[in-house]
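Notes for the one structure printed next.
A short reminder: the numbers here are calculations on the coordinates, not readings from a lab. None of the values given here were measured: they were computed from a predicted structure. Here the Cβ is made from the backbone with ideal geometry for all residues, glycine too, and neighbour counts use every protein chain on show.
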Amino acid sequence: MSQQAVSQSDRLATRIMWGMAAGIVVGILARLAGGRAEWLARGSAWLAAEVFDPFGQIFLRLLFFVVIPLIFSSLVLGVIQLGRLDRLGPLAARTFAVFFLNMSVGLAIGLFLMNTVQPGRSISEEVQAQLVSQAANQAQEVQARAAAMPRLSFRELVEMFMPRNLLKAVVEFQILPLILFAILLGAAGTQLDELRRRQTQSAVEIVTGLMTTLVHFAMLLAPWAVAAMLASQVMRAGLDVLKALSLFVACVLGGLALHLFGTMTLLLKLFTRRSPGAFFRAIRTVLVTAFSTSSSNATLPTTIAVTRENLGVSASTAGFVLPLGATMNMSGTALYEGCVVLFVAQVYGVSLSLGDQVTLLLLTVLSAVAVAGIPGASLPLIVALLTTFRIPPEGIALILGADRLLDMARTVVNVGADVVTACIVDEGIKTEETRDADQPVRGKSR
C-alpha cells in the first residue's frame, strides 16, 4: 500500500467532508431565508435548480462517463489476470457467498429493529394522511414504474443477462449484460497462447489506467460538487417530513450504521488480518463519495481506485468483485427494503408472521440484486414487495419524503460492503496461492 496514495486520499476525503458541511450550512441558511420572504424562496429555488444542480451534474456525469468502460475493462482484466480458467470458479463462489451473507445479515438487522421498535405504530392518521397527500403524484409514478416491471421468471432472467442487442442494453445503462459479456471475454482471453494473452492483458490495462486517471480528474471537482449537490438537497428537503418519520428514519439509520460498522468489522476480523480502524480510514473517500452521489455506479470508479491503491487489493480481485458488487451486492438496500415493507405494514395494520418475514428476507435479497446502482432505483421493487404481501402499495408515499436521505445512507453501506467483500476474497485467494506455492517445497524436503 502506498503511503503517498493513502495521504492523498485522506486529504481528498477531508476536503469532501468540508464540502459536505458547507453544502448543508448553505442549504439550511437558504431554507431559513426562504421562510422569511417569498422572493428569497424563489431565489433559493432558482439557485438550486439552475446553479447547484447543474454544477453537481458535471461531477456525476464525469464519473458516469467512466463507469461503462471501467466495468468492462476491469472485469476483462480481472479474469485474464487469473491466468487459468479453473481459478474463476473459486473466485466467483467466494464473491457470491459473501454477497449473500452481507445482504441476509443486513436485512435480518433491519427486520429485528422494525419488529422491536415498531415505528409504524407511532404514525397517527393525521400524519399518515399528510404524508400520503404530499407525495401522491410521486407515489403514482413509482407505482406505474413497478407495474411496468416484468415478473421474475427464467425467461426474464435470460433477457436480463442476455438481451438480443448488447449495445442497446449498454446505451440504456443496463449493466448486467455488460458484466456477463466482459466475464466471457476475459474467460476467452485466458485460452489464448501466452504471447497473445499478455498482449490482450496489456491493452486492457491501458484502458483501465486511462479510466482511473479520468477518475482522479473528476475527484478534483468533488469537494465543490458535493457542496453544491447537498445544498440543493437541503433547500428542497421538508424538515416536517423528517420529524413525522423520525422514529422510522432513526431505525433505518441505526440499522445501516450497525451493519456497516458492526457486521463489516466482524467480517474483517474473522476473514482477514486487517485492522477495521485502518480499513475505514483508508476508504473514507469512497464512503463520502457514495453518500454525496447516492449511486453505487457513480462511486465505482473511486471504489476501484481506492481499493487498489489504499488497500493493496490485487487488480484481478478488485476488477472482478467491485463491478459485480456495484450491481448485485446491495446489503444496505436489502436492509432498507425490509424496513419499508414492515413499516408500511405496521401503519396499515397488516400482520406479517415469522414465515412471511422469512419469505420477505429471501425475496428482498433476490430483488436487491436486481436494483440498479442509481438513486431511487429500489422504490418500484418495494412496491412489488408490498403487493406480494397484500399491503396497500400506495403506502410507498409514506416514506418518499425521507427516501433521498436514506438513499444516500444505504449507498454508503452498499459500497462499504463491496470493499469488504473484495478484501475477504483477496485474502482467501492470496492464502491459497501461498499454500500452493509452498507445497512443492514441502514435498522436496520429505
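Dipole of segment 258-358, Cα-centred, from +1 at each Lys and Arg C-beta and -1 at each Asp and Glu C-beta, to the nearest 20 debye? Walk me through the intermediate numbers first.
Numbers: 6 positive and 3 negative charges, 105 e Å.
Charge dipole of segment 258-358: 500 debye, to the nearest 20.
Based only on other Cβ atoms within 10 Å, what is the fewest-to-most ordering of PHE64, PHE112, PHE52, PHE320? Write out the running numbers ahead of the final one.
Details: PHE64 19, PHE112 13, PHE52 24, PHE320 30.
If I rank by nearby Cβ atoms, fewest first, I get PHE112, PHE64, PHE52, PHE320.
With +1 on the Cβ of every Lys and Arg and -1 on the Cβ of every Asp and Glu, and nothing else charged, how large is the dipole of the chain about its Cα centre, in debye rounded to the nearest 20? Could the numbers behind the result be given before it?
Numbers: 34 positive and 28 negative charges, 184 e Å.
I would put it at about 880 debye.
Which of GLU125, GLU159 comes first, and how do the rest follow, when ranked by fewest Cβ neighbours within 10 Å?
On the way: GLU125 8, GLU159 14.
By the 10 Å Cβ count, ascending, the order reads GLU125, GLU159.
Given the peptides 209-215, 392-398, arrange them by the average over their residues of other C-beta atoms within 10 Å, most packed first.
So the order, starting with the most tightly packed, is 392-398, 209-215.
In what sequence do ARG196, ARG410, ARG164 fall when counting other Cβ within 10 Å, fewest first? Walk me through the numbers before you get to the answer.
Values: ARG196 11, ARG410 32, ARG164 7.
By the 10 Å Cβ count, ascending, the order reads ARG164, ARG196, ARG410.
Mind checking which of GLY106, VAL170, ALA188 is farthest towards the positive end of segment 76-209's charge dipole, using Cβ charges of +1 (Lys, Arg) and -1 (Asp, Glu) about the Cα centre?
ALA188
Return the long-range amide H neighbours of SER275 (sequence gap of 5 or more, or a different chain), with a cut-off of under 5 Å between placed amide H atoms.
Here the answer is none, since no amide H 5 or more places off falls under 5 Å of that of SER275.
Compute the Cα gyration tensor for segment 1-125, then decide on rounded, prolate or oblate, letting a ≥ b ≥ c be the square roots of its eigenvalues: rounded whenever a/c is under 1.5, prolate when a/b is larger than b/c in the other cases, and oblate in all that remain.
Details: a/c = 2.56, a/b = 1.44, b/c = 1.77.
The shape class here is oblate.
Could you quote the convex hull projected area for segment 281-350, Cα atoms only and averaged over all directions, in nm²? Mind dumping the intermediate values first?
Working: hull surface 22.6 nm².
Here the figure is 5.7 nm², rounded to one decimal.
Would you work out which of LEU363, ILE382, ILE396 lies farthest towards the positive end of the dipole of the chain, given +1 charges on the beta-carbon of Lys and Arg and -1 on that of Asp and Glu, about the Cα centre?
About the Cα centre, the residue reaching furthest to the positive side is LEU363.
Dipole of the chain (Lys/Arg Cβ +1, Asp/Glu Cβ -1, origin at the Cα centre): which of THR421, LEU253, GLY120 lies farthest to the positive side?
Positive-most Cα among the choices belongs to THR421.
With a bin width of 20 angstrom, please list the P(r) values of the chain as percents of all Cα-Cα pairs, from the 0 bin to the one holding the largest distance.
All Cα pairs considered, the percentages come to 24, 56, 18, 2, 0.
Please list the helices of the chain that count as membrane-span-like by this rule: a mean Kyte-Doolittle hydropathy of at least 1.0 together with Cα atoms stretching 20 Å or more along the helix axis, each helix being a complete DSSP H run. Mind dumping the intermediate values first?
Values: long enough: 3-34 (46 Å, 0.62); 53-80 (40 Å, 1.95); 88-117 (44 Å, 1.52); 175-190 (23 Å, 2.35); 194-219 (37 Å, 0.15); 222-236 (21 Å, 0.91); 331-347 (24 Å, 1.34); 354-369 (23 Å, 1.73); 400-445 (68 Å, -0.17).
Helix filter hits for the chain: 53-80, 88-117, 175-190, 331-347, 354-369.
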